[in-house]
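Beneath this line is the structure, given in structure tokens, with notes to follow.
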Amino acid sequence: MSHPVVQPLTAYQRKLFVFLGVATFFEGFDQMALAQILPTLRDEMHLGEWETGLLVAFVNLGTVVAYLLVRQADVWGRRVVLSLTIAGYTLFSFASGLVSSPWLFAALQFVARVFLIGEWAVSVIYAAEEFPASRRGMVIGVISAWSALGAVVCAGIVPLLVRSPFGWRTVYFVGTVPLVLLAFSRRSLRETERFAALAPEERVASSLTRILRTPYRARVLQLALIWGLTYVCTQTAVTFFKQHAVEDLGMPDTRVGLLISVAAVVSMPLVFMVGRLLDVTGRRRGSIVIFLLTAAGALGSYTLEGEGMLFVPVVLAIFGASAVLPALNAFTTELFPTELRSDAFAWSNNLLGRLGYVVAPIAVGLAAEEIGWGLAVASTAIGPILALVLILKWMPETRGRELEDTSAMH
């Protein structure tokens, strides 16, 4: 396939590019915030290990429930749902810093996560529909990379914020300020041209199972399996590394924290290059590089020892957790028609794919009690390998093609 002609971005597309990047920034910020404040939260609210795990699992379930909100973008429009998710996340994130009950905190974070993942999903759909085919991979990649940047920024500032008079609550108060500015700036946001072009009868609310009665049912289930296998690895490889390094390898807590921080910073330029890789080499070839490096990072991080030996695998594991998203986001948005795009994303990612996201930490935690963190998490490296095999078996190449063409591929 010849390289598509790269089209310049309009003034509105450049503004939209920045807006969507800032919106997805908080997906990474929020997840890192919970991980960073958890030890302090546990001490203050007297939570045991089981209660802590239950709290995190309950909050993560919000990413599944986001299905109900994301699919409404096919009825209410992308602009309405994105505006609603920004406002909702701002409100419930701020409220999370006001409570003293761990279960009220969990409830507020659950709802905040529903809005947050809805915001992330609709931002990706905006990127797919509003930017030229020649730059779609790059835009989706950079927007996804903003999420990784959010995690890095959060990791850097949280140790300072928790020492303030309000303690861990300051993280949610400070994080709300740019969200309020984002909520005001959404006034210049337009509806996507593709959704605006739909006939009124194509925007009518449908049953939850409508898409399963269309020719796209198989593709929804295929992508759900690919998402789930990927999440099994990426959700656990980074989450449990500090636990593994301290408990199994006997590394000092501060050294592990420094290793993760430096590795995250080093991985950022690589993450921002992923979208360009997908546009130049194609979605399928790009996925080969991304998913193999992700598996190698997870495997190496939990089988090697010593800071020198661990540095590169940890960089790759952190890179992979973010890099797989542009590839899968591209397939999930490009292979469905406009009237089903949000519903398809909600089914394959939120409702089904994220079951791996929710269940994997619990399964790995139980396995670690018997075989240790190293072997338990290293075994999840098979997830990206299997996901890659299925991508090459099932997913067509969509690089440089208009959405009207890619959605017709079978």
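The values are calculated or read from the model by the stated rules, or taken from the named source; none is laboratory data. Small disclaimer: the values here were computed from a predicted structure and weren't measured. Heads up, the Cβs are rebuilt from the backbone with ideal geometry, glycines too, and the neighbour counts pull from every protein chain shown. Surface areas here come from the heavy atoms of the whole protein model, side chains and all, with no ligands, DNA or RNA. Shrake-Rupley method; radii C 1.70, N 1.55, O 1.52, S 1.80 Å.
Keeping every protein chain in place, order 371, 226 by accessible area at 1.4 Å, biggest value first, i.e. largest first. Write down the numbers at each step before the final one.
Working: 371 90, 226 0 Å².
Listed by decreasing accessible area, they come as 371, 226.
Averaging sequence separations of C-alpha pairs under 8 Å and six or more residues apart, then dividing by the length of the stretch 311-410, give the relative contact order as a whole percent.
Numbers: 38 pairs, mean separation 38.2, N = 100.
Relative contact order here is 38 percent.
Of 242, 15, 393, which is the most mobile in a GNM of the chain whose springs link Cα atoms less than 10 angstrom apart?
393
Compute the Cα gyration tensor for the stretch 1-144, then decide on rounded, prolate or oblate, letting a ≥ b ≥ c be the square roots of its eigenvalues: rounded whenever a/c is under 1.5, prolate when a/b is larger than b/c in the other cases, and oblate in all that remain.
Values: a/c = 2.73, a/b = 2.27, b/c = 1.20.
Since a/c reaches 1.5 and a/b is larger than b/c, the shape of the stretch 1-144 is classed as prolate.
Roughly how many Å² is the accessible area per residue of the stretch 55-151, as a whole number, for a 1.4 Å probe? If you can, show how the numbers build up before the last one.
Numbers: 2350 Å² over 97 residues.
Ligands and nucleic acids excluded, the result is 24 Å² per residue.
Using the Cα gyration tensor of the stretch 190-308, with a ≥ b ≥ c the square roots of its eigenvalues, what is the shape: rounded (a/c below 1.5), prolate (a/b larger than b/c) or oblate (neither)? All intermediate terms of the calculation are to be shown ahead of the outcome.
Working: a/c = 2.60, a/b = 2.19, b/c = 1.19.
Prolate, since a/c reaches 1.5 and a/b exceeds b/c.
So what's the back-of-envelope 222 nm ellipticity for the chain, counting only DSSP H runs of four-plus at -39500 (n - 2.57) apiece and dividing by all residues, rounded to 500? Please list the in-between numbers first.
Details: 18 runs with 301 residues, N = 410.
Value at 222 nm, helices only: -24500 deg cm²/dmol.
Please report, as a whole percent, how much of the solvent-accessible surface of the chain comes from carbon and sulfur atoms (probe radius 1.4 Å).
The nonpolar share, carbon plus sulfur, comes to 68 percent.
For the stretch 186-231, how big is Rg over Rh, using alpha carbon atoms and the Kirkwood form of Rh?
Numbers: Rg = 15.2 Å, Rh = 13.5 Å.
Rounded to two decimals, Rg over Rh is 1.12.
Report the trypsin sites (Lys or Arg not before Pro) located in the stretch 95-179 that are in a DSSP loop and have at most 10 other Cβ atoms inside 10 Å of their Cβ, or state none. The partial results should precede the final answer.
Numbers: sites: 113, 135, 136, 163, 169; in loops: 163.
Those that pass, being in a loop and sparsely packed, are 163.
Between the stretch 234-299 and the stretch 160-207, how far is it from one alpha carbon centroid to the other, in angstrom?
27
With every protein chain left in place and a probe of 1.4 Å, what is the accessible surface of residue 253, to the nearest 10 Å²?
Accessible area, nearest 10 Å²: 90 Å².
Taking all protein chains together and a probe of 1.4 Å, list 198, 386 from the most accessible to the least accessible. Please list the in-between numbers first.
On the way: 198 20, 386 75 Å².
I get 386, 198, largest accessible area first.
Taking Rh as the Kirkwood radius, which is the inverse of the mean 1/r over Cα pairs, what is the Rg/Rh value for the chain?
Working: Rg = 20.3 Å, Rh = 21.4 Å.
That ratio equals 0.95.
Report the relative contact order of the chain, percent, no decimals, based on alpha-carbon pairs under 8 angstrom and at least 6 residues apart. Working shown, then result.
Numbers: 638 pairs, mean separation 102.8, N = 410.
For the chain, the relative contact order is 25 percent.
In the chain, which longest range has no GluC sites (Glu not before Pro) that are both DSSP loop (not H, G, I, E or B) and surrounded by at most 16 other Cβ atoms within 10 Å?
Numbers: sites that count: 191, 305, 397, 402.
With a cap of 16 other Cβ atoms within 10 Å, the longest stretch comes to 1-190.
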